[in-house]
Amino acid sequence: MASGPMVDMTRNDKNPLNGSNAVEVRGLVKHYGETKALDGVDLDVREGTVLGVLGPNGAGKTTLVRCLSTLITPDAGTAFVAGFDVVRQPRQLRRTIGLTGQYASVDEKLSGWENLYMIGRLLDLPRKSARSRADELLERFSLTEAAKKAVMNYSGGMRRRLDLAASMIGSPAVLYLDEPTTGLDPRTRNEVWDEVQRMVAEGATVLLTTQYMEEAEQLANELTVIDRGKVIANGKVDELKARVGGRTLRIRASDPTDLPGMARSLGEAGLDGAAGSQAVPDEGVLLVPILADEQLTAVVGLLAARGYGISDISTYLPSLDEVFLSITGQKPTVQDSVPHQQIEEVAA
């Protein structure tokens, strides 16, 4: 088994969870040999919400999920999930969580129904309950017609849907989704999104790692950005966007030839941020950085007072892709770079 420098885990028999949090992580560290995959990660996930975890290639996202799901043991720090210590109480914890990894984990020789029924029985569901739960989830994920077929005959999208269904068999309080829709077509991805939203509406808590900015924006209540094993940013989507670039006021001039004069007028007025106004003649618009709502009113009022005609006004925030690039210096990538073979050796 691969091993790295070991540090005594801080252990506490008391549950330190804040009443509103389903997951609390403090100072989590994990080594793979000389590589520090997690370097003192702090994390909170509020009950009944979705936390999106973003990060470039090799950031430590999958390592974090594996630690929190007891597949590997952290070298230092504390982590409590649904009130259970991930190191001291792994058996109890496993009964309260669900996990969908980057690759389907179901048995290809069994049918879809047999996979779900078997997992239900392993979770100590009575036979009748395991049967009905399998039927219910197959219907939810549009797999009823393929229920009796061996999984080896499923398409990639069908396998991903079955894998997600398998993670939900026990109605987990906390669900980990590690790149759950990678490789899925848009229709299937939307089905997965709908199911995640349904689970959260029913009270589940979700920790989601994803490479899709649209997915993070669609599902996550809050975001945490990890880079080189450290948390480098967190907050709601709009908060991170405002932190990177703030809002921009987009003013379409009735007469595009007025754009230079409009920009000049704003610069001379000395309004906060307005000196950075930029005319875009090809689009017939003026872009004005907005630092506060009061500034928006002042800009529009000033231009109207100077006699400039305005045909349209809108504001926008930077895209989540732009936020990610600004914070990490990299575009989103597919998966962590720690070799899966090495991770499996550590988990063995």
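The values are calculated or read from the model by the stated rules, or taken from the named source; none is laboratory data. It should be emphasised that the depicted structure is a prediction, and the values quoted were computed from it without experimental measurement. Glycine also receives a Cβ, built like all others from the backbone with ideal geometry; neighbour counts cover every protein chain displayed. SASA here: full protein model, heavy atoms, side chains in, ligands and nucleic acids out. Shrake-Rupley method; radii C 1.70, N 1.55, O 1.52, S 1.80 Å.
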- Can you give me the ranges of the strands (runs of 3 or more DSSP E) entirely in region 63-179 with at least 2 residues that are open to solvent by less than 10 Å² (accessible area, probe 1.4 Å) and within 21 Å of GLU191 (Cα to Cα)? 97-100, 174-178
- Query: Are there any pairs, at least 6 apart or on different chains, whose C-beta atoms fall under 6 Å, with the first in region 203-225 and on the phi > 0 side of the Ramachandran plot and the second modelled with pLDDT of 90 or more and not hydroxyl-bearing (Ser, Thr, Tyr), and if so, which?
  - Reply: GLY203/GLY48
- Message: Would you confirm, using the coordinates I've provided, whether VAL237 is open to solvent by less than 10 Å² (accessible area, probe 1.4 Å) and within 18 Å of the chain's Cα centre (by Cα)?
- Response: no
- Going through region 242-266 one residue at a time, which ones are of a type in the set (Gly, Ala, Ser) and either at pLDDT 80 or above or open to solvent by 40 Å² or more (accessible area, probe 1.4 Å) (or both)? ALA242, GLY245, ALA253, SER254, GLY261, ALA263, SER265
- Message: Looking at (1) open to solvent by 10 Å² or more (accessible area, probe 1.4 Å); (2) at pLDDT 85 or above; (3) touching a helix residue (DSSP H, G or I) at 6+ places or on another chain (Cβ under 6 Å), which one does THR209 not meet, given that it meets all the others?
- Response: (1)
- Message: Checking the structure you have, find out if any residue of region 243-261 is without any contact (Cβ under 8 Å) to a residue 60 or more places away in the chain and under 14 Å from the mean Cα position of the chain (by Cα).
- Response: no
- Over region 212-234, the set of residues more than 18 Å from VAL196 (Cβ to Cβ) and open to solvent by 50 Å² or more (accessible area, probe 1.4 Å) is ARG228, LYS230, ILE232, ASN234
- Message: Between a residue in region 120-149 that is over 13 Å from LEU164 (Cα atoms) and any residue that is among the hydroxyl-bearing types (Ser, Thr, Tyr) and open to solvent by less than 40 Å² (accessible area, probe 1.4 Å), which pairs come within a Cβ distance under 9 Å, given they are 6 or more apart or on different chains?
- Response: ALA146/SER111; ALA146/TYR154; ALA147/SER111; LYS148/SER111; LYS149/SER111
- Query: Inside region 218-248, can you point out the residues that are of a type outside the set (Val, Ile, Thr) and within 30 Å of VAL299 (Cα to Cα)?
  - Reply: GLY235, LYS236, ASP238, GLU239, LEU240, LYS241, ALA242, ARG243, GLY245, GLY246, ARG247
- Message: Every residue in region 49-61 that is surrounded by fewer than 24 Cβ atoms within 10 Å (Cβ to Cβ) and out of contact with any helix residue (DSSP H, G or I) (no Cβ under 6 Å at 6 or more places or on another chain), please.
- Response: THR49, LEU51, ASN57, GLY58
